[in-house]
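K.L.:
Let me begin by handing over the structure; questions about it come next.
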Amino acid sequence: DLFRRVETAVVTSATLAVGDGFDFITRRLGLDDEELEPVTASLASPFDYPRQSMLLIPSDFPPPNTDGANHFKRTMAAAQDLIAAAKGGVFVLFTSHRDVREAATVLRAAGVEGRYPLLVHGEAPRDELLRRFREHGDAVLLGTASFWEGVDVPGRALRGMIIAKIPFRVPTEPMTAAQCEAIEAAGGDAFAEYMIPHAALRLKQGFGRLIRTASDRGAVIICDPRVVTKGYGRRLTEGLPPATRLQGPWAMLRDE
């Protein structure tokens, strides 16, 4: 109804495509009607991702859905390694506020706060946390949903990122549940048609926080092995920027 009312609309974002296609967003925006078929274009990035960035995926971390406690422990160890290697300037992104609070407890017990400012989502307003992160230059920020998108930290202040888990939507959240029910009622596969594409877009949004200018550089670590061990993993990572990509035991990746 919205798009029928206007002669022309331009919809633009760095995170509209899943993989190299626009089918998912076209359906979600109601543009899959024959009378509303959009003209699409995907434009190359001006950034030299292979030179400017690394994407690291540890192969020896347990999946969070089967061994949550050990996965969290390994993720926090990797976070401390990255913070030490980068000397701060790190986002650690989670999918729940509980994990953010637990992570803050772990890092404080490890003495990280004594070396770098530790900024924790929920302990101060979002804009204040971002301002302090940008201004200090060597801070560590622990965040959840609202730090995955719409955050701009160009320059050296952000040079490392930990993504703890695949950012799947919570299936019991009312809007998500309703969308999935509608897809299933129409004979579709809600996980394949809704949950995976949403997670792929959110991963792309999270990665997109790192490289904001042609001189930025840094590393992203995805601590969820399902992005390579599950059949759907390729759909989650194929749309990510073409950073130098490494997989293997964490001890090897840490050295790299």
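The values are calculated or read from the model by the stated rules, or taken from the named source; none is laboratory data. What you see is a predicted model, and the numbers here were worked out from it, not measured in a lab. Glycine also receives a Cβ, built like all others from the backbone with ideal geometry; neighbour counts cover every protein chain displayed. Note: accessible area is taken over every heavy atom of the protein model, side chains too, but ligands, DNA and RNA are not part of it. Shrake-Rupley method; radii C 1.70, N 1.55, O 1.52, S 1.80 Å.
K.L.:
How many Å² of accessible area per residue for the stretch 188-256, probe 1.4 Å?
P.N.:
42 Å²
K.L.:
Still on this structure, I have one more. Treating the angle as unsigned and between 0 and 90°, give the value, to the nearest 10°, between the Cα long axis of helix 97-109 and the longest Cα principal axis of the chain.
P.N.:
For 97-109 against the chain, the angle is about 20 degrees.
K.L.:
Right, another one. Could you give the distance between the Cα centres of the stretch 125-171 and the stretch 1-60, to the whole Å?
P.N.:
Measuring centre to centre over Cα atoms gives 23 Å.
K.L.:
Which translational diffusion coefficient, to the nearest whole µm²/s, is obtained for the stretch 55-157 from the Stokes-Einstein equation, given a Kirkwood hydrodynamic radius over C-alpha pairs, 20 °C and 1.002 mPa s?
P.N.:
Once the numbers are plugged in, D ends up at 152 µm²/s.
K.L.:
Taking amide hydrogens as modeled 1.01 Å from N in the peptide plane, which residues meet the under 5 Å criterion relative to Leu55, leaving out close sequence neighbours?
P.N.:
When sequence neighbours closer than 5 places are left aside, the close amide H contacts are Val220, Thr244, Arg245, Leu246.
K.L.:
Also, I was wondering about something else. Could you check the spin-label model distance between Asp127 and Val170? Points 7 Å from the Cα along Cα→Cβ, value in nm.
P.N.:
Once both label points are built, they end up 2.6 nm from each other.
K.L.:
Using only the alpha-carbon atoms, how far is helix 68-86 inclined from the longest principal axis of the chain? Give it as 0 to 90 degrees, nearest 10.
P.N.:
Computed tilt is about 70 degrees.
K.L.:
Just grab the label-to-label distance for Ser13 and Ser215, each label 7 Å out from Cα along the Cβ direction, in nm (one decimal).
P.N.:
Placing both labels 7 Å beyond Cα along the Cβ direction yields 3.1 nm.
K.L.:
While we're on this one: In whole Hz, what ³J(HN,Hα) sequence does the stretch 174-190 give by Karplus (6.51, -1.76, 1.60; θ = phi - 60°), x for Gly and Pro?
P.N.:
Listing the rounded values in order: x, 5, 4, 4, 5, 4, 5, 4, 5, 5, 5, 5, 8, x, x, 10, 4 Hz.
K.L.:
If R0 is 25 Å, what FRET efficiency do you get for Lys230 and Thr40 from their C-beta distance, rounded to 0.05?
P.N.:
With R0 = 25 Å, the Cβ-Cβ based efficiency is 0.30.
K.L.:
May I pose another question? So if each residue of separation counts as 0.36 nm, and I subtract the Cα-Cα distance between Glu184 and Asp255, what length gain in nm does that give?
P.N.:
Between Glu184 and Asp255, full extension yields an extra 21.0 nm.
K.L.:
So, in nm, how far is label Ala192 from label Arg134 when the simple model puts each one 7 Å beyond its Cα toward the Cβ?
P.N.:
It is 4.4 nm.
K.L.:
Considering lysine pairs in the chain that are 8 or more places apart or on different chains, how many have Cα atoms under 19 Å apart?
P.N.:
Value for the chain: 4.
K.L.:
Here's something else I'd like to know. Report, in deg cm²/dmol and to the nearest 500, the calculated mean residue ellipticity at 222 nm for the chain, where each DSSP H run with n ≥ 4 adds -39500 (n - 2.57) and the sum is divided by the residue count.
P.N.:
The helix-only estimate for the chain comes to -10500 deg cm²/dmol at 222 nm.
K.L.:
Please give the peptides 90-98, 230-238, 41-49, 122-130 ranked by average Cβ packing (other Cβ atoms within 10 Å per residue), highest first, as a rough proxy for protection.
P.N.:
In decreasing order of mean packing, 90-98, 230-238, 41-49, 122-130 become 90-98, 230-238, 122-130, 41-49.
K.L.:
Next question. If I fit a long axis through the Cα atoms of helix 126-136 and take the longest principal axis of the Cα atoms of the chain, what angle between them do I get, 0 to 90°, rounded to 10?
P.N.:
50 degrees
K.L.:
Just to be sure I understand: with springs between alpha-carbon atoms less than 10 Å apart, which residue in Ala200, Ala177, Ala79 has the highest mean-square fluctuation in the Gaussian network model of the chain?
P.N.:
Largest GNM mean-square fluctuation: Ala177.
K.L.:
Where the eigenvalues come from the Cα gyration tensor of the chain, what are the semi-axes √(5λ) of the equivalent ellipsoid, largest first, in whole Å?
P.N.:
Working from the Cα gyration tensor, I get semi-axes of 32, 21, 18 Å.
K.L.:
With charges only on Cβ, +1 for K and R and -1 for D and E, what is the dipole size of the chain about its Cα centre, in debye, rounded to 20?
P.N.:
Taking the Cα centre of the chain as origin, the dipole is about 1160 debye.
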